[in-house]
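A quick write-up on the structure given underneath.
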């Protein structure tokens, strides 16, 4: 009985996307890009094994992105994760070697950033592979082709009729593509894709008609083409609220929003006691469902003794970015009887904006008093309130990272 496998490449860093979230882990509707790929292949009923290349040390994150897929016991048993190499060629080779004990007859290799591959394209490639040994989908080139000189001027006007663009999945008889990759690993050449490796060491590659909807997500603008494919990317907003209060004591610096304010008293605290930044951190973490400031920077940890709260704010920014969120705006209120904050407000807004890598137009800080009422009014304490609005980076589903608690 023949057995067939799918190898999906998702070990890249997505640096051209310009953010910290891998494009394969973004969402199309309620499903990640990576899972959307898997579902397309599963729908054909042709495949026994699903191998996914992932960044080194990234298996937990990949499993989280595929949590819905892996809830199916059959999927859990037949989905394999393998760490990639420092380039796509090496990552594919690692995936092929992982399949070696399973001895599949055929393997289709697909880019994890091509979520709009159709079952029809998959079947055509599979059938071509069965018949010819190797097969890949191609599409005609729309733009005119030019060959350039080193200075950027046109050297030749190329007839595009003989040229095509190649897509994935690319299908091969498994023993042959493994043999080709093992030979290519030691020849010192860099190959464009798996068909080039196969063609060099094994033989001809058959082609079938591809699908213009089978695009690869490379840049953010690629996401906006989704509507043409009948899918919908969801942009999500989250609101977080933060509050903090610190006693005011002598012989401490009064820090507000990373700015030292001349005062006879400062905040008491394990860190520098910056009450505004602490409230902002709680608002950011709360909006991203990442716990609170104490869960990431516990006062019992000597590493945070007298630490600048600006360092903690930058770490909190990294946490929410890694979880797929960016700051839209902050609205903050500091309640302090004296001194007045107005002379320092511009500096506070600038400091917060710098640390969060946003503009000052996205930060609002207001100062209030308690009209000499309660501990704040008696100059014994300082309070801060913060509201943060976050937006998903690209198309992040709010459920994607809701249970994640990153460590610092």
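The values are calculated or read from the model by the stated rules, or taken from the named source; none is laboratory data. Since we're looking at a predicted model, the values are computed, not measured. Ideal geometry is used to build each Cβ from the backbone, glycine not excepted, and the neighbour counts take in all protein chains shown.
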Checklist entry - Of all residues in the stretch 236-271, which are modelled with pLDDT of 95 or more, assigned to a loop (DSSP other than H, G, I, E, B) and touching a helix residue (DSSP H, G or I) at 6+ places or on another chain (Cβ under 7 Å)? => result 257, 258
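Say whether the condition of being within 24 Å of the chain's Cα centre (by Cα), at pLDDT 95 or above and within 19 Å of residue 41 (Cα to Cα) is met by at least one residue in the stretch 121-137.
Our first condition is that a residue be within 24 Å of the chain's Cα centre (by Cα); within the stretch 121-137, this holds for none.
No, the stretch 121-137 contains no residue that is within 24 Å of the chain's Cα centre (by Cα), at pLDDT 95 or above and within 19 Å of residue 41 (Cα to Cα).
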Checklist outcome for this item: Note: among 338, 351, just one is in contact with a helix residue (DSSP H, G or I) (Cβ under 9 Å, 6 or more places away or on another chain) and within 23 Å of residue 263 (Cβ to Cβ), namely 351
Item to check | Residue ID - nearest to residue 307 (Cα to Cα), chosen from residues in the stretch 225-235 that are at pLDDT below 50 and part of a loop (DSSP other than H, G, I, E, B) | outcome: 233
Checklist entry - Can you name every residue in the stretch 320-340 that is surrounded by fewer than 23 Cβ atoms within 10 Å (Cβ to Cβ) and outside any strand (DSSP E or B)? => result 321, 322, 337, 338, 339, 340
